[in-house]
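The values are calculated or read from the model by the stated rules, or taken from the named source; none is laboratory data. Worth saying up front: this structure is predicted, and the values here are computed from it rather than measured. Surface accessibility is based on the protein's heavy atoms, side chains included, excluding ligands, DNA and RNA. Shrake-Rupley method; radii C 1.70, N 1.55, O 1.52, S 1.80 Å.
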Amino acid sequence: SRTGEEVFHFILTANDITNYILKNAYIKKSERRLKSIINNISDLLLIIKKKENKYYFENANDNFCSIFSINKYRVFKKELSLFLEQELLEQILNSINKFDNPDNAFIEFNYNNSLQKQYSVKISFIEDLLENETIYIVSMKDITDQMLYQDQLKRAYEEEMKLNKLKTLFLENMSHEIRTPLNAIVGFSEIMDDCIREQDYDTILDMIGSFKDVLT
């Protein structure tokens, strides 16, 4: 270098970030796959995170969001009480409290929403000891048609039992009505048999008149 001229030195470093890029790509692919799986589940699916005794929205499939008119991106990480139907929220929280019993691997209950839909709800959970969090998975199966069918079967059964009771009463009455004249006929026959042997024809004529009265 020439005297008096300023000299600059540069240091070039390079880091291999291939693994980092591949790892991020794998994570994104896994997230897309998980999202696809969740959204292809026909039942309604809600994932709740419990932290410090509060319950937050973690995820849900499109079916759940559509039925309850929820934008999952707006309610992400928000408390359930801010957007979830009060009745459903109460039933979920009451059921979650039952997990204090170690014998309960999952909890089930039925729920009717404001649109007269009936659901069979099942709740299970996963403990995250590292983050000190609990994840609850709520699945809701639409059983409206099933319950309607069962109700129709119940009504048909009750109607059948009612008809059977009426049929039994009818047969009992008919049996009584038929048995009464038959007993009279048998009695008349025995008396007429005695009269014939004794040649008491006047009594037989009277008996025939009485016999006609019984038949009419």
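Pairs from the list K50/K117; K72/K98; K77/K117; K51/K72; K141/K162 with a Cα-Cα gap above 23 Å: K50/K117; K72/K98; K77/K117; K141/K162.
When the accessible area of the range 67-153 is split by element with a 1.4 Å probe, what percent falls to carbon and sulfur?
Working: 2870 of 5840 Å².
Percent of accessible area from carbon and sulfur atoms in the range 67-153: 49.
Among R197, R155, the sequence by solvent-accessible area, most first, with a 1.4 Å probe is R197, R155.
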